[in-house]
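Student: Would you mind keeping the following structure in view while I ask a few things?
The values are calculated or read from the model by the stated rules, or taken from the named source; none is laboratory data. In this text, all values refer to a predicted model and were calculated from it rather than measured experimentally. Counting neighbours? That spans all protein chains shown, and the Cβs are built from the backbone with ideal geometry, glycine included.
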Amino acid sequence: MKKTVNIKQMSRAELEQKYMEMATKVEQLSQENAWYQEQIKLQQKKLFGKSSEKVNSDQLSLFDEAEVESTPINDESSLTELKAHTGKKKTKLLNPDELKNTTIDYVLSGEEMSCPKCGHNLHEMSTHIRRELIFIPAKVEIINHVEHIYSCRYCENNDIEATIVKADGPAPLINGSIASASLVANIINDKYEKALPLYRQEVTFMRMGININRQNMSNWIIKVANSYFKAMVEYMTRQLLMMEYISADETPVQVLHEPGKAASSKSYMWVYMSGRSESKQMVIYNYEQSRAHKHAVDYLKEYSGILLSDGYQAYDKIDNIVQAGCWVHVRRKFSDTLELIPKNADKKGTQTYKCMQLIRKLFKIESDNQDKSYEELKIIRQQESVPVVDEFFQLLQELKGVIQLKSHLGEAVIYALNQEEKLRTYLNDGRIEISNNVTERAIRPFTIGRNNWLFMNTVKGADSSSYIYSLVESAKLNNLKPYDYFNYILSILPGKDMNDEKLLESVMPWAELPKELYNPKKS
C-alpha cells in the first residue's frame, strides 16, 4: 500500500528536503535510463552492425563463393603469386620449386624426325615447358611389422637352456592399437588445426572405405596426449616460468561432464605465451574449471618477470611480477562509446573522439617503428609516446570530474584510470608490446574450433585438448607445419623415457628440427 504525503502539513525545511530527495532520485533514474539506452545500442551494434571495416569472405554464400573468389589470372603466375583484391600488394602463395617436381619429356619418334617438307633430319631447337599443379588425394595403407624370432639349434640339441632372440621393430604408438604416427597426426591436424570435428573425419574415412569411428579417434587422441604431450607441455611450462616477459589471457569453454558442476556452466582455458623477445617461443593452454583468481595465482606463483594482460584482477593477486596493460582494451571501450554518438552529431568535437585520437597516435608510433631494436624502441617511446600518454591521462582526470561515471564514457574513463600504472609499463621497456593482441590471436584457433564442436565432453578430454592446442599453436609460432611436426614427434617418442629433459628439449617446437618440418620462408 502506497504511503501518501500531505505537503500542506509540511514545513518549508521538510519540503526542501523532500525536493532534494526527489531530484536526486530523478537524476539517478535518468542516469540509469541513459546507461540502459547505451547498452541497447551496443547490443544492436554487435547483432546488426559490422564488426570490422574488412569484408569477411567466410560469410559469403556457398553458392556464389566460386564466382566471388575467381579472378582472371595467368596460368604460370598463379603458381607463384596472386595480386590482392586491392591491386596494391602481392601475396606469396607458393613456390613451385619447393614442391616435388616430376618432368615428362615429349619427343618425336624416329619416323617423325624427318622434315615434312624436304625429308631431311630435324634437330632440337628449344623446349616449351608447361607447368601443371597436381593434387594427390590422401590414401591409407597397411604396414605389417614382422618381428622375426630366432633360437639356437645347438642349445636345443645339447640340452642347454634355449636361447631365443627377437629382431625388435619400432615401439608401437599405442599398445594393442593399429594407430600409427601419421594417422594420429592427421586426425589431430584436422581437428585442432583445421577445426574439423571427429564425426566429419569419420565420414571422410568411410568414403575411403575405412571404418574408423569417432570413439576410436577420441581414444587415440586422449591416449597420445597423456602418454607424450602432457610431459612435453609440463616441460614447456617450466621453461615459461623462467622467462623475463610473458603474456596471458583466458577464454570460456563448456565441459558437459564436470564433477560438481552443471553442464551449462562455464569452464576456462587460460592461455600463457612467451614474450616476443624470448628465444623459446611457445603458447600454453591450461584448462581450469573456472575463472577464479586462484588458478592464475597457482600457475604463476613461481614467476617473477613481466606479465602483459588485459587487466583481469586475478593477476593482481600474484606477487613479485611487473604488470603491463593492454591499450587495445582501452581503445575498444572508447570506440564503443564513439559508436553511441548519433550519426548526425559532430563526433570530432567530442572528448571521446579526442581520447581516441590520442590512443591512435600511440599505435601509429608503434607501427612506424616496427623494425627498430628493443633499445631503440624504448628511446622512441620515451621521446614520442610519453607526452601523448601524459596528455591522455590528464584529459581523463579532467573528464572524471564532469561526466556521468555510470555512462559508457564514464566506464571507459574509470577503466583507463584504474589501469594507468599498467598501461604506462610498456613505455619503459621496448620488449613489451602495446597490446595483448598477439595472445588473443593465439586463442582464436581455439575459439574457431569451439564454434564447430560447441563443447567438450569430459575433464580428461579438456585436459588432452589443452596439451594438443599448446603444441599446435607453439608449432605454428615457430613456423612449423603442424601435421609434419606431430608425425615427427609421434614417430620418435614411443618407447622413450618421457622424464628425460634432454629428449624433451630436442623435440620442442623451438628446437633444431629436420628442415622438412618447416613452412617455406615468407618473402
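Student: Within the stretch 491-503, identify whether any single residue is closer than 17 Å to Ser227 by Cβ, surrounded by 21 or more Cβ atoms within 10 Å (Cβ to Cβ) and not polar (S, T, N, Q), and answer yes or no.
Tutor: yes
Condition check ((1) surrounded by 15 or more Cβ atoms within 10 Å (Cβ to Cβ); (2) outside any loop (DSSP other than H, G, I, E, B); (3) not charged (D, E, K, R)) across all residues:
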residue	(1), (2), (3)
Met356	yes, yes, yes
Lys361	yes, yes, no
Ile379	no, yes, yes
Pro387	no, yes, yes
Glu411	yes, yes, no
Ala416	yes, yes, yes
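Student: Is there any pair linking a residue in the stretch 145-161 that is free of Cβ contacts under 8 Å to residues at least 12 places away in the same chain to one that is in a helix (DSSP H, G or I) and exposed (fewer than 10 other Cβ atoms within 10 Å of the Cβ), with Cβ under 8 Å and at least six apart or on different chains, and which?
Tutor: Ile160/Tyr154
Student: Could you tell me whether any residue of the stretch 259-268 is at pLDDT below 95 and either β-branched (Val, Ile, Thr) or closer than 28 Å to Lys502 by Cβ (or both)?
Tutor: Within the stretch 259-268 (the criterion being at pLDDT below 95 and either β-branched (Val, Ile, Thr) or closer than 28 Å to Lys502 by Cβ (or both)), the answer is no, since none of the residues qualifies.
Student: Kindly check whether there is at least one residue in the stretch 167-175 that is part of a loop (DSSP other than H, G, I, E, B) and within 30 Å of the chain's Cα centre (by Cα).
Tutor: Yes, the stretch 167-175 contains at least one residue that is part of a loop (DSSP other than H, G, I, E, B) and within 30 Å of the chain's Cα centre (by Cα).
Student: Let me ask something additional. Kindly provide the set of residues from the stretch 171-186 that are touching a Phe, Trp or Tyr at 6+ places or on another chain (Cβ under 7 Å) and surrounded by 19 or more Cβ atoms within 10 Å (Cβ to Cβ), ordered by number.
Tutor: Within the stretch 171-186, Ala179, Val184, Ala185 qualify.
Student: Output the residues belonging to the stretch 460-490 that are surrounded by fewer than 22 Cβ atoms within 10 Å (Cβ to Cβ) and either touching a Pro at 6+ places or on another chain (Cβ under 9 Å) or among the polar types (S, T, N, Q) (or both).
Tutor: Lys476, Leu477, Asn478, Asn479, Leu480, Asp484, Asn487, Tyr488
Student: Please go through the stretch 261-315 and pick out each residue that is of a type in the set (D, E, K, R) and either more than 18 Å from Lys460 (Cα to Cα) or not in a loop (DSSP other than H, G, I, E, B) (or both).
Tutor: Narrowing the stretch 261-315 to residues of a type in the set (D, E, K, R): 261, 266, 276, 278, 280, 288, 291, 294, 298, 301-302, 310.
Those that are of a type in the set (D, E, K, R) and either more than 18 Å from Lys460 (Cα to Cα) or not in a loop (DSSP other than H, G, I, E, B) (or both): Arg276, Glu278, Lys280, Glu288, Arg291, Lys294, Asp298, Lys301, Glu302, Asp310.
Student: Identify, please: which residue in the stretch 221-258 is in a loop (DSSP other than H, G, I, E, B) and touching a helix residue (DSSP H, G or I) at 6+ places or on another chain (Cβ under 9 Å) and is, among those, modelled with the lowest pLDDT?
Tutor: That would be Glu258.
Student: Sticking with this one: Somewhere in the stretch 292-310, is a residue more than 19 Å from Tyr467 (Cα to Cα), surrounded by fewer than 16 Cβ atoms within 10 Å (Cβ to Cβ) and aliphatic (A, V, I, L, M)?
Tutor: yes
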